[in-house]
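Worksheet: one structure, shown below.
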Amino acid sequence: MIQRIQSVYLIFAILLGGLSFYFSLEMLHTMKTLVRIDSNYVFLISPIVSLITFSLFKKRPIQAVLCFFNIILLVLQLLLFIPGFRTIDGFGFEEAIILFYLLGIILLWLARRAIQKDEALVRSVDRIR
């Protein structure tokens, strides 16, 4: 049962990461791009890290660090993906991948913020005891 909002954010980040991996494979099969098959599996790293972060719900400090690491990872992947970006034909796979990356960064930032709020709440309750 999902009881915390950061769990919802992380689930959506996992789904967006999976969709970006799927779209990168579709883009590879439909268009000839500069992206090799080997580099498309880089898209799979972010959903795996998000899934690990989601599963560590009892260890909030580690969860916050993994969220920050995942944000940095998404930014680096986005910077590696942008040089091969072309705006020839309207909204396609490449634009969807960039949109998913940006939404994933926002969701992970919101999840990290909520994790930090939970940790601050737990520490304040521990001080009262």
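Residues that are modelled with pLDDT of 70 or more and either open to solvent by less than 40 Å² (accessible area, probe 1.4 Å) or in contact with a strand residue (DSSP E or B) (Cβ under 7 Å, 6 or more places away or on another chain) (or both): does the range 36-43 have at least one? Don't jump to the end; show me each part of the working.
Restricting attention to the range 36-43, the residues satisfying the condition of being modelled with pLDDT of 70 or more are 41-43.
If we keep only those that are either open to solvent by less than 40 Å² (accessible area, probe 1.4 Å) or in contact with a strand residue (DSSP E or B) (Cβ under 7 Å, 6 or more places away or on another chain) (or both) too, we end up with 43.
Looking through the range 36-43, at least one residue is modelled with pLDDT of 70 or more and either open to solvent by less than 40 Å² (accessible area, probe 1.4 Å) or in contact with a strand residue (DSSP E or B) (Cβ under 7 Å, 6 or more places away or on another chain) (or both).
Return the total of residues in the range 76-121 being at pLDDT 90 or above, open to solvent by 40 Å² or more (accessible area, probe 1.4 Å) and either β-branched (Val, Ile, Thr) or in contact with a Cys (Cβ under 7 Å, 6 or more places away or on another chain) (or both).
2
The values are calculated or read from the model by the stated rules, or taken from the named source; none is laboratory data. Fair warning: this is a prediction, and the values are worked out from it, not measured in the lab. Positions of Cβ are generated from backbone atoms using ideal geometry, with glycine treated the same way; all protein chains shown enter the neighbour counts. Heavy atoms of the whole protein, side chains included, go into the accessibility calculation; ligands, DNA and RNA do not. Shrake-Rupley method; radii C 1.70, N 1.55, O 1.52, S 1.80 Å.
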